[in-house]
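Quick note: the coordinates plus some simple rules give every number you see, no bench work behind them. A quick note: this is a predicted structure, and the numbers were derived from the prediction, not measured.
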Amino acid sequence: MKTALAVILLSILVLPFITVAHGSSTTSRRAWRPNGIKRSQLTRDKLREKFHRSAAARRAFIQQHPCPSTSTTSGPCPGYVVDHVKPLKRGGADAPGNMQWQTKEAAKAKDRGE
């Protein structure tokens, strides 16, 4: 009885401090990132931080240039998106003067080319 109690007590106190190696030695060379986040998401998040899009600039553009399909200055614009003429990552300004209405198909084609 004393032996079983000693084993249980020892396992409770010692086991949390014992590390077990999993996998091969290559796992230690991988960069750490939070669980469940892919590398592409980290890169995308870094780009978002660096090239922040201003909602105020977008609203100002829409006020100056109504939607081509509905001629409204608020709400959705079916079939169109607001696009930067010169991309932010290429040094373009996040200002209404650097924005344009673009069809969704043209935007997809442009994104594939970039």
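In percent, rounded to a whole number, the relative contact order of segment 57-114 is 32, using alpha-carbon pairs under 8 Å and six or more apart.
Amide H contacts for MET99 (H built 1.01 Å from N in the peptide plane; partners 5 or more residues away or on another chain; cut-off under 5 Å): VAL85.
According to the Cα-based calculation, Rg over Rh for segment 57-114 is 0.97, with Rh computed by the Kirkwood formula.
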